Each structure stands twice: as C-alpha cells, then as structure tokens.
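> Questions regarding the structure given below will be posed in turn.
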Amino acid sequence: MASGNYTGAVYALKEIIKHHPEYENAAQLLTSARKQKRSQTFRLLISLIGAIFFIGIGSMTGLHTDVWLLALGFVGLLVGYGVAGLVGASEQS
C-alpha cells in the first residue's frame, strides 16, 4: 500500500482474510485500502473528465492543431486533479 498499489493491496488482503481471518489487523487494512482505492479512482476519473472537457473546449473554439489540443488536455488533467483533491479534502473534513 505504501507504493500506491491499492488494487493489489485489496486483492492480497482479501486472500489473507480468506485463509487466515484472525491475522493481526487485516480487516482494518482492507477497509483502509478500499477507501484509498476509491479515492484514487475518483481522482483519476475527475482528471480524465477535466482533460476531455478542456479538449472539447479547444475543439469548439477551432483549435485543430494537435499540439495545442494536447497541451489543453494536459492542463485539463491538472485542473481535474486539483478539483478532485479539493473535493476529496472537503469530504474528509
């Protein structure tokens, strides 16, 4: 989980609980890993939506050069990630 691979952590913890249910704090770790995985997926999806939105705006304004659309997509990813971070921070409060 320290490296951010929450999908792998959830899978491994499910296997640990399945074969050795009384293992230390596996249930708590599984809950934490699922929460972190959900947060990570949310940030990814909001970032992609931001990129799609910015590329759509660029296409509608007449930017047909791939370099500019790529740059707008990158800016959209950053803006989306920032928005997802703000929404995630407000949810935790």
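> Among the residues of segment 55-73, is any surrounded by 12 or more Cβ atoms within 10 Å (Cβ to Cβ), part of a helix (DSSP H, G or I) and touching a Ser or Thr at 6+ places or on another chain (Cβ under 8 Å)?
Scanning segment 55-73, I find at least one residue that is surrounded by 12 or more Cβ atoms within 10 Å (Cβ to Cβ), part of a helix (DSSP H, G or I) and touching a Ser or Thr at 6+ places or on another chain (Cβ under 8 Å), so the answer is yes.
> Which residues, taken from segment 22-48, are of a type in the set (A, V, I, L, M) and either farther than 18 Å from ALA89 by Cβ or not in a helix (DSSP H, G or I) (or both)?
Initially, segment 22-48 is screened for residues of a type in the set (A, V, I, L, M), giving 26-27, 29-30, 33, 44-46, 48.
Those that are of a type in the set (A, V, I, L, M) and either farther than 18 Å from ALA89 by Cβ or not in a helix (DSSP H, G or I) (or both): ALA26, ALA27, LEU29, LEU30, ALA33, LEU48.
> Taking only pairs six or more apart or across chains, which ones have beta-carbon atoms under 9 Å, a first residue in segment 14-32 that is surrounded by 12 or more Cβ atoms within 10 Å (Cβ to Cβ), and a second residue that is not in a helix (DSSP H, G or I) and not basic (Lys, Arg)?
Cβ pairs passing all conditions: ILE16/TYR23; ILE17/TYR23; ALA26/HIS20; ALA27/PRO21; LEU29/MET1; SER32/MET1.
Coordinate-derived values only; no laboratory data. A quick note: this is a predicted structure, and the numbers were derived from the prediction, not measured. Because the Cβ atoms are built from the backbone with ideal geometry, glycine has one as well, and the counts that use them run over all protein chains shown.
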